[in-house]
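These notes are about the structure you will find just below.
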Amino acid sequence: MSVFSLLRARTASDFADWFRPGGEYLLRVADGMGFHTGDLPGFIDEAETAMRAGRTGADVAPAVNRLIAADLYADAAFGLPFLEWTPVWYELPLTPPVAYAEWRLRRVADQYAATIDHVSLPRFSRPGDVVSRGAPALESVSGFADRFAFADAILHLEWFDYVATECGIGVPPELIAETRSQTVGYYVGDLAVEDLDPTVRRLQYLLFTDDEWVRAVDERYGLGSSLLSVWERVCRRERERFGGA
């Protein structure tokens with residue numbers, strides 16, 4: 001099988017194994033930073049149970065609906081902006097399936113957002129949105145793995161900020177802003193990892209545990225995907241670089 005077999009996923013129950021690693025990732029990062037997570041562990045369990053049973057909307061507690069909707073909306077919005085950070089040879093063949101996956105994820109997320117108060121839709125940065133020395137910062141980063149890592153470092157920060165905020169986890173805006181600024185400085189070569197604020201360094205270390213998210217999705221769906229293996233290796237490499245915070 002390959003990652004493209006995920007395109008057969010259509011229903012809430014089909015995406016239960018997709019949601020669970022994302023919920024655990026959110027909890028892992030928030031707990032690791034010492035943020036108050038309240039009932040989030042129980043909500044993750046309830047969410048997976050509801051999705052497997054195909055229960056949506058009014059049949060699910062509002063806080064669980066919000067968690068599922070936020071997680072899936074964030075995953076849906078992540079892919080296409082991420083591809084813009086990668087070389088054209090990587091971006092072009094993946095754009096159609098990623099766009100289709102976005103549509104599928106949004107349709108399921110809509111079912112959980114329908115009966116709760118407004119859930120905002122996330123927007124993730126394109127390369128032109130991240131500037132260093134008056135030019136797109138990506139122009140200062142070369143090599144597929146480094147561009148891939150830079151994209152993930154910016155976008156998974158935005159993913160976490162969005163989902164955590166939607167779920168009521170108090171993430172300090174100044175921490176997000178400073179992490180973004182220092183992350184750009186690190187990847188364009190203005191800062192060494194030792195120059196990063198310890199809190200920034202720890203947050204990126206935790207965010208790069210998305211290698212565990214990738215591995216969990218691969219294993220849960222039995223994909224054996226070479227694409228996901230590359231993603232996992234790059235994330236693990238970056239986590240090791242930020243390690244020791």
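Is it the case that Ala16 is of a type in the set (Gly, Ala, Ser), part of a helix (DSSP H, G or I) and under 20 Å from the mean Cα position of the chain (by Cα)? Spelling it out, Ala16 is indeed of a type in the set (Gly, Ala, Ser), part of a helix (DSSP H, G or I) and under 20 Å from the mean Cα position of the chain (by Cα). The set of residues in segment 4-53 that are open to solvent by 30 Å² or more (accessible area, probe 1.4 Å) and touching an Asp or Glu at 6+ places or on another chain (Cβ under 6 Å) contains only Arg20.
The single residue among Ala70, Ala30 that is closer than 24 Å to Asp129 by Cα and either in a helix (DSSP H, G or I) or modelled with pLDDT under 95 (or both) turns out to be Ala70. Looking at segment 96-139, which of the residues that are among the β-branched types (Val, Ile, Thr) and closer than 30 Å to Gly185 by Cβ is farthest from the chain's Cα centre (by Cα)? Top of the filtered list is Val131. Of all the listed residues (Val119, Val200, Val184), the sole one being free of Cβ contacts under 8 Å to residues at least 60 places away in the same chain and assigned to a loop (DSSP other than H, G, I, E, B) is Val119.
Has segment 106-113 got any residue that is of a type in the set (Phe, Trp, Tyr) and open to solvent by 20 Å² or more (accessible area, probe 1.4 Å)? No: zero hits. Mind counting the residues in segment 203-236 that are assigned to a helix (DSSP H, G or I), within 17 Å of the chain's Cα centre (by Cα) and not acidic (Asp, Glu)? Looking only at that region, the number is 19. Once segment 54-94 is narrowed to residues that are farther than 22 Å from Tyr112 by Cβ and among the aliphatic types (A, V, I, L, M), the residue that is least open to solvent (accessible area, probe 1.4 Å) is Leu83. Every test in (1) closer than 21 Å to Leu72 by Cβ; (2) over 18 Å from the mean Cα position of the chain (by Cα); (3) assigned to a helix (DSSP H, G or I) is passed by Ala151 save one, and that test is (2). Please specify each residue of segment 74-95 satisfying the condition of being aromatic (Phe, Trp, Tyr) and either within 17 Å of Ala47 (Cβ to Cβ) or over 20 Å from the mean Cα position of the chain (by Cα) (or both). Within segment 74-95, just Trp89 meets the criteria. When Val119 is tested against (1) at pLDDT below 95; (2) buried (at least 17 other Cβ atoms within 10 Å of the Cβ); (3) of a type outside the set (Gly, Ala, Ser); (4) farther than 21 Å from Thr165 by Cα, only condition (4) is not met. Filtering segment 121-139 to residues that are of a type in the set (Gly, Ala, Ser) and in contact with a Phe, Trp or Tyr (Cβ under 8 Å, 6 or more places away or on another chain) leaves only Ala137. With respect to the stated conditions, Ser125 fails to be open to solvent by 80 Å² or more (accessible area, probe 1.4 Å) and small (Gly, Ala, Ser). Which ones in segment 194-214 are of a type in the set (Val, Ile, Thr) and open to solvent by less than 20 Å² (accessible area, probe 1.4 Å)? Scanning segment 194-214 gives Val200, Thr209, Val214. Of all residues in segment 55-63, none satisfies being touching a helix residue (DSSP H, G or I) at 6+ places or on another chain (Cβ under 8 Å) and under 21 Å from Val217 (Cβ atoms).
The values are calculated or read from the model by the stated rules, or taken from the named source; none is laboratory data. Bear in mind that the values here come from a model prediction, so they are computed numbers and not experimental data. Please note: Cβ atoms are built from the backbone with ideal geometry, for glycine as well, and neighbour counts cover all protein chains shown. Calculation scope for accessible area: heavy atoms of the full protein, side chains included, ligands and nucleic acids excluded. Shrake-Rupley method; radii C 1.70, N 1.55, O 1.52, S 1.80 Å.
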